[in-house]
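Report on one structure; see the data block that follows.
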Amino acid sequence: MPLLYQQNINEHIIWALWRMDEPLDFFALEGYEASRISHPQKRKQHLAGRYVLKMLLPDLDLKTISVAENKKPFITGSGIDFSITHSDNLVGVIVGRGRRVGMDIEFTNQRVLDLSHKFMTTADFSIFCKDDFSDQEKATICWTMKESAFKLNGIPGVDFKNDLRLIAVDKKEDGWHAKIQTFVNGEPSTKIANGMEIDGYQICLMY
């Protein structure tokens, strides 16, 4: 069972990272269908996300999951928030009890750096210490933070470049810690992000 990581951050927040080495059938869930998803890999990712969510919330009835107008899934009437993210054969899930949460995974690569002009400002780049992160790492970490903030806020129409701005990024022994300022309806709010690198993947948690 390739559970790579599981952590209870506190009494409210728990998360897990899973490597999807198993066949599609492994993630089959009784009473839950994903037949509307025709692409085999996307169906596997979807089911694996629900599988890990169910692992973290054993009493969860998957039928209580609905999708809001902003396409963010939620558990009806529970006070529980969650975020599911995929990258290649990894799936990550974070759950918050009475807390909004966001999570993203991205492999550190040149493609993200090549696209960074679409979501990063010069100020975002300058937040990073030159000696601590490569340019690819800067772009990838920034993307995971902004994507996690977007998922946490759950508000459509966000300009990643101008509405989500890095404030600080500090490298730690076990990963990195950051602050990001978000603007929702013109109102600024500061969010905390914690991340780590596992096998070349940058993993961002926001809560």
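In table form, for the structure just shown:
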item: Span per principal axis, largest first, for the Cα atoms of the chain (Å); result: 50, 36, 34
item: The chain - percent of accessible surface contributed by carbon and sulfur, probe 1.4 Å; result: 48 percent
item: Sequence-distant aspartates and glutamates (8 or more away, or on other chains) whose Cα lies within less than 16 Å of LYS138; result: ASP104, GLU106, ASP114, ASP124, GLU147, ASP170, GLU197
item: Computed [θ] at 222 nm, helices only, for the chain once each DSSP H run of length n ≥ 4 contributes -39500 (n - 2.57); result: -7000 deg cm²/dmol
item: q = 0.13, 0.22 Å⁻¹, segment 76-183: log10 I(q)/I(0) [Debye, one scatterer per Cα]; result: -0.50, -1.32
item: Solvent-accessible heavy-atom area per residue, rounded to whole Å², over the chain at 1.4 Å; result: 52 Å²
item: Top positive-direction residue, dipole computed over segment 42-147 with Cβ charges, set PHE119, PHE107, GLN45; result: GLN45
item: Radius of gyration and Dmax over the Cα atoms of segment 107-156, both given in Å; result: 11.1, 35
item: Cα-based Rg and Dmax for segment 43-110, where Dmax is the largest Cα-Cα distance (Å); result: 12.4, 42
item: Centre separation in Å (Cα based) which lies between segment 105-146 and segment 159-189; result: 12 Å
item: Extension reserve of the SER38-SER126 stretch, reckoned as 0.36 nm per residue once the Cα distance is removed; result: 27.4 nm
item: Total lysine pairs under 26 Å (Cα atoms) in segment 1-130, excluding pairs fewer than 8 apart on one chain; result: 17
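The values are calculated or read from the model by the stated rules, or taken from the named source; none is laboratory data. None of these values were measured; they are calculated from a predicted model. Every residue, glycine among them, receives a Cβ derived from its backbone with ideal geometry; neighbour counts consider all protein chains shown. Quick note on the areas: whole protein, heavy atoms, side chains included, nothing else; ligands and nucleic acids left out. Shrake-Rupley method; radii C 1.70, N 1.55, O 1.52, S 1.80 Å.
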